[in-house]
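*Asks:* Below you'll find the structure I mean.
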Amino acid sequence: MSGHVPIMVQKVTGFFQGAPDGVIVDGTAGGGGHLEALRLSFPDRRLVAMERDPVFAAALEQRFRDDPMVTVHNQSYTEVEPLLAAPAAGALFDLGLSSLQLDDPSRGFSHRLDGPLDMRFDTSRGEPMHEALRSMGEAEIADVIYRYGQEGRSRRIAREIRGAMPVRTTLELRAAVVKAVGGNPVKPLSRVFQAFRIFVNDELLQLDRLLAGLHTWIAPLGRVAFITFHSMEDRAVKLLFRDSPHFICTDPPWQLPSPEEVRENPRARSARLRTAVRAS
Ligand SMILES: C[S@@+](CC[C@H](N)C(=O)[O-])C[C@H]1O[C@@H](n2cnc3c(N)ncnc32)[C@H](O)[C@@H]1O
């Protein structure tokens with residue numbers, strides 16, 4: 001697969017250079033960009049790749065099928081602990097959505113491409129967003145848009161969406177948002193699509209579960225890196241690293257991509273790399 005450029009790849013591999021012996025977990029392996037870089041940087045380490053999307057997981061299994069150092073699991077990162085024989089030396093979580101998912105109209109993540117409003121990472125479980133919408137009232141839709149999209153015009157947008165039901169496709173959702181806000185709707189569109197994606201995948205709950213149990217499967221002095229894309233997930237990681245007795249923030253506690261990287265890969269513009277070390 002190509003089309004997804006891994007973010008801050010050298011910063012990530014450089015950070016894991018200091019990890020103790022043991023496996024490194026790629027908790028969000030996606031198209032395998034970081035996984036490949038970890039494989040090249042650490043040829044003697046075992047790598048455990050977690051990926052919720054069955055299409056990506058199958059592609060990764062195929063790609064690494066002859067590589068005894070890499071195991072791929074089509075599971076959430078919250079399910080990694082029982083798969084480990086010993087606490088991990090490092091873990092990477094590159095949160096959110098891959099550009100390969102965004103650019104595939106059949107997945108329903110993009111407001112620019114026509115497709116079914118599905119938005120699930122794991123298409124084998126749960127219900128697609130267009131199904132979820134059918135049972136949601138206006139107040140619940142507004143709440144989701146406000147909470148997960150941080151969009152101030154959530155009520156007005158929710159009213160249009162309810163009025164346009166059934167909303168089955170990305171372009172139908174787009175039309176309802178455009179009708180509600182008028183003008184140049186790129187920001188509200190991005191926020192509404194982000195909100196629905198976070199909602200349908202229960203992303204913040206997954207992240208909270210991961211953060212609550214992380215210290216139980218990371219080895220003393222093990223290294224943990226998160227790449228976050230919006231303030232809700234970044235704040236959750238920041239608070240854990242700042243307040244938990246189990247983690248020590250690195251100095252600096254976070255890094256941004258260089259201007260050159262952002263120029264070459266615009267998706268990197270909102271990314272932040274947060275790093276910490278498990279206390280000994
Ligand atoms: C930003 S992409 C990762 C890209 C990857 N680092 C690369 O270089 O190709 C995030 C990935 O995390 C996956 N994902 C989201 N939530 C997950 C979860 N709870 N457990 C495992 N994977 C998850 C998504 O399906 C997506 O492929």
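*Asks:* From the backbone phi of the range 72-86, what are the Karplus-calculated ³J(HN,Hα) couplings (6.51 cos²θ - 1.76 cosθ + 1.60, θ = phi - 60°) in whole Hz, Gly and Pro given as x?
*Replies:* 10, 10, 7, 9, 6, 4, 6, 9, 6, 3, x, 7, 9, 6, 8
*Asks:* Kindly identify the range 190-280 as rounded, prolate or oblate by the Cα gyration tensor criterion: order the square roots of the eigenvalues as a ≥ b ≥ c, call it rounded if a/c is under 1.5, otherwise compare a/b with b/c, prolate if a/b is larger, else oblate.
*Replies:* Because a/c hits 1.5 or more and a/b fails to exceed b/c, the range 190-280 counts as oblate.
*Asks:* Using θ = phi - 60° and the Karplus curve 6.51 cos²θ - 1.76 cosθ + 1.60, what whole-Hz ³J(HN,Hα) does each residue of the range 121-130 get, with Gly and Pro shown as x?
*Replies:* Here the 3J(HN,Hα) series is 6, 9, 6, 8, 10, x, 10, x, 4, 5 Hz.
*Asks:* Could you work out how far apart the two model spin labels at C249 and D67 are, taking each label as a point 7 Å from the Cα in the direction of the beta carbon, and quote it in nm?
*Replies:* 3.4 nm
*Asks:* Same structure, new question: Enumerate the amide H contacts of L117 below 5 Å, restricted to partners 5 or more residues apart or on another chain; note that Pro and chain-start residues carry no placed amide H.
*Replies:* Those lying under 5 Å, H to H, from L117 are H130, T169, T170.
*Asks:* Also: Among D67, D103, D53, rank each residue by its count of other Cβ atoms within 10 Å, from fewest to most, as a rough exposure measure. Numbers along the way, then the final one.
*Replies:* Values: D67 11, D103 14, D53 24.
So the ranking, lowest neighbour count to highest, is D67, D103, D53.
*Asks:* Taking H placed 1.01 Å from N in the peptide plane, check which residues at least 5 places from V70 or on another chain put their amide H under 5 Å from its amide H.
*Replies:* L47
*Asks:* For A88, what residues show an amide H to amide H distance below 5 Å, using hydrogens built from the backbone and excluding near sequence neighbours?
*Replies:* Hits under the 5 Å cutoff: I218, A219.
*Asks:* By count of other Cβ within 10 Å, fewest leading, how are V23, V224 ordered?
*Replies:* V23, V224
*Asks:* Where the centre of each part is set by its Cα atoms, how far does the range 3-45 sit from the range 134-200, in angstrom?
*Replies:* 36 Å
*Asks:* A follow-up question, please. Given springs between every Cα pair under 10 Å in a Gaussian network model of the chain, which of P245, P220, P20 has the largest fluctuation?
*Replies:* Largest GNM mean-square fluctuation: P245.
*Asks:* What does DSSP give for the chain in terms of the percent of beta bridges that are antiparallel, rounded to the nearest 5?
*Replies:* Taking every DSSP beta bridge with both residues in the chain, the antiparallel ones total about 45 percent.
*Asks:* Pulled fully out, how much extra length does the chain show between A164 and Q10, if you take 0.36 nm times their separation in residues and subtract their Cα-Cα distance?
*Replies:* Between A164 and Q10, full extension yields an extra 50.8 nm.
*Asks:* Here's another thing I want to ask about it. On a full-extension model of 0.36 nm per residue, what is the gain between D202 and L256, subtracting their alpha-carbon distance, rounded to one decimal in nm? Before the final figure, lay out the partial values.
*Replies:* Details: separation 54, 0.36 × 54 = 19.44 nm, distance 2.62 nm.
That works out to 16.8 nm of additional length.
*Asks:* Continuing with this model, one more query. Starting from the Cα of S124, move 7 Å in the Cα-to-Cβ direction to define the label point; list residues of the range 45-83 whose amide nitrogen is under 12 Å from there.
*Replies:* 51-59, 73-76
Read the figures in this text as sums done on the coordinates, not as results from a lab. As the structure is a prediction and not an experimental result, all values here were calculated from the model. Neighbour counts are summed over all protein chains in view; Cβ atoms, including those assigned to glycine, are modelled from backbone coordinates with ideal geometry.
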